[in-house]
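Enquirer: Take a look at the following structure, please.
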Amino acid sequence: MDEEYDVIVLGTGLTECILSGIMSVNGKKVLHMDRNPYYGGESSSITPLEELYKRFGISDSPPESMGRGRDWNVDLIPKFLMANGQLVKMLLYTEVTRYLDFKVVEGSFVYKGGKIYKVPSTETEALASNLMGMFEKRRFRKFLVFVANFDENDPKTFEGVDPKLTTMGEVYKKFDLGQDVVDFTGHALALYRTDDYLEQPCLETINRIKLYSESLARYGKSPYLYPLYGLGELPQGFARLSAIYGGTYMLNKPVDEIVMEGGHVVGVKSEGEVARCKQLICDPSYIADRVHKVGQVIRVICVLSHPIKNTNDANSCQIIIPQNQVNRKSDIYVCMISYAHNVAAQGKYIAIVSTTVETSDPEAEIEPALELIEPIDQKFVAISDMYEPTDDGTDSQIFASRSYDATTHFETTCNDIKDIYKRMTGSDFDFENMKRKQNDVFGEDEQ
């Protein structure tokens, strides 16, 4: 281990593994360490089921009705991939797709007045939806056509809207959309967690709705994808990429000290040896003194023996509860997957409820979501602190990732990756930098 590296990475969460993959593809010499004996850090999938019980301090072992323990791969952090989003693009450019199989999530639903409805996201669905009255549907359809045709480089498509000045709230007024429609457009299509976006220029929201529609257009049922065997497969796929390009991996490796000289990082000490480096990437758990807490997320993993009511017996779905519907500031999410994705025993479903904590009684906050998925066989409650770095790392050359937020997709994680990349290299992130440089690496093409 007493060697010199360009970059040392601590923690094998998805953010860290993607960055070590990119750095390795770009010819950097990378050492990647994790104090845990498994990949994934905070974003791992736990198997067998007994391990999950142990992790949450439940002394009983799982009942026989739960099936074989090794049939379970339970995500600690629930997220789906937008079919046309940045993470899928990263997977395609790096060809990490060859290590993974995906299934389309069967439906996206939104909560209104105590019931759930399918999210309408095409003109046809909008006209057939029970979420709106007849006149509202026509106005919403006009709005969708406006968004679909909108091109920020072609003022002819603006219809009097200035993408950099007009707020999204003003755009909704222009199309005379009612509160319920605004709720599901902002929260179930543009996937905002709060209503702050209403005061912001409309361009980002329009692009978010476009991303949703384009993702939906790829596969039809919903805009989301999910990997077989759980999200823990994602960091492992990128770790393989890094290893193919010469990255060195060490699991179960305690980190004793980050070695500094003159205010910047020069290495990492572990078990008496020092590996030297020019730059360091890590998750917040490795550098408590360089991150600060910005909030909390509650996540409740629920094991069910039935699909969720009113979802057409879908074996996977997402439900969004917009904050306005339950007098909150941030949305509540339900991500549901099942045995169809090789993450649970036959006939079993996993629904994970998550939201940003707003009160001193987080479990009461998610009650509306738990009511939608009852009866629940077993639940596991986790309340996690969210951290972000206190500085940008230019002086110390230590680049910390942000904790995973309550969103149910990876777009914010990818923004963090692009941001760290820019701070480390001084140049804007470009997907072209992720392309594999050599085709036949160690006989990979023969598989």
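Enquirer: Give all pairs with beta carbons closer than 9 Å in which a residue from the stretch 201-229 that is within 15 Å of Leu144 (Cα to Cα) meets a residue that is at pLDDT below 90 and surrounded by fewer than 16 Cβ atoms within 10 Å (Cβ to Cβ); count only pairs at least 6 apart in sequence or on separate chains.
Expert: Ser213/Thr122; Leu216/Thr122; Ala217/Thr122
Enquirer: How many residues, within the stretch 172-191, are open to solvent by 10 Å² or more (accessible area, probe 1.4 Å) and among the acidic types (Asp, Glu)?
Expert: Qualifying residue count, the stretch 172-191: 2.
Enquirer: If Tyr93 meets every condition in (1) farther than 24 Å from Ile337 by Cβ; (2) outside any helix (DSSP H, G or I); (3) under 24 Å from the mean Cα position of the chain (by Cα) apart from one, which number is that one?
Expert: (2)
Enquirer: Out of the stretch 186-235, which residues are within 11 Å of Met82 (Cβ to Cβ) and of a type in the set (A, V, I, L, M)?
Expert: Answer for the stretch 186-235, where residues must be within 11 Å of Met82 (Cβ to Cβ) and of a type in the set (A, V, I, L, M): Leu191, Leu211, Leu216, Leu225.
Enquirer: Please determine, by comparing only the residues of the stretch 113-130 that are modelled with pLDDT of 85 or more and either surrounded by 20 or more Cβ atoms within 10 Å (Cβ to Cβ) or not in a loop (DSSP other than H, G, I, E, B) (or both), which one is nearest to the chain's Cα centre (by Cα).
Expert: Result: Val119.
Enquirer: Now a separate question. Based on what the data block shows, is Cys282 open to solvent by less than 10 Å² (accessible area, probe 1.4 Å) and touching a Ser or Thr at 6+ places or on another chain (Cβ under 8 Å)?
Expert: Spelling it out, Cys282 is indeed open to solvent by less than 10 Å² (accessible area, probe 1.4 Å) and touching a Ser or Thr at 6+ places or on another chain (Cβ under 8 Å).
Enquirer: Would you mind stating whether Tyr229 is open to solvent by 40 Å² or more (accessible area, probe 1.4 Å), modelled with pLDDT of 95 or more and closer than 22 Å to Tyr404 by Cβ? It would help to see each step written out before you state the result.
Expert: Numbers: open to solvent by 40 Å² or more (accessible area, probe 1.4 Å): yes; modelled with pLDDT of 95 or more: yes; closer than 22 Å to Tyr404 by Cβ: yes.
So Tyr229 passes the test.
Every residue, every condition in (1) under 24 Å from Pro78 (Cα atoms); (2) at pLDDT 95 or above; (3) touching a Gly at 6+ places or on another chain (Cβ under 8 Å); (4) surrounded by 16 or more Cβ atoms within 10 Å (Cβ to Cβ), yes or no:
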{"site": "Ile18", "(1), (2), (3), (4)": "yes, yes, no, yes"}
{"site": "Val25", "(1), (2), (3), (4)": "no, no, no, yes"}
{"site": "Lys29", "(1), (2), (3), (4)": "no, yes, yes, yes"}
{"site": "Asp34", "(1), (2), (3), (4)": "yes, yes, yes, yes"}
{"site": "Tyr39", "(1), (2), (3), (4)": "yes, no, yes, yes"}
{"site": "Ser43", "(1), (2), (3), (4)": "yes, no, yes, yes"}
{"site": "Leu49", "(1), (2), (3), (4)": "yes, yes, yes, yes"}
{"site": "Phe56", "(1), (2), (3), (4)": "yes, yes, no, no"}
{"site": "Ser59", "(1), (2), (3), (4)": "no, no, no, no"}
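Enquirer: Looking only at the stretch 245-259, decide whether some residue is out of contact with any helix residue (DSSP H, G or I) (no Cβ under 7 Å at 6 or more places or on another chain), surrounded by 16 or more Cβ atoms within 10 Å (Cβ to Cβ) and assigned to a helix (DSSP H, G or I).
Expert: No, there is no match, as no residue in the stretch 245-259 is out of contact with any helix residue (DSSP H, G or I) (no Cβ under 7 Å at 6 or more places or on another chain), surrounded by 16 or more Cβ atoms within 10 Å (Cβ to Cβ) and assigned to a helix (DSSP H, G or I).
The values are calculated or read from the model by the stated rules, or taken from the named source; none is laboratory data. Values in this document were obtained by computation on a predicted structure and should not be read as measured data. Using ideal geometry, Cβ is built from the backbone for each residue, glycine included, and neighbour counts are taken over all protein chains shown. In case anyone asks, the SASA skips ligands and DNA or RNA and just uses the protein heavy atoms, side chains included. Shrake-Rupley method; radii C 1.70, N 1.55, O 1.52, S 1.80 Å.
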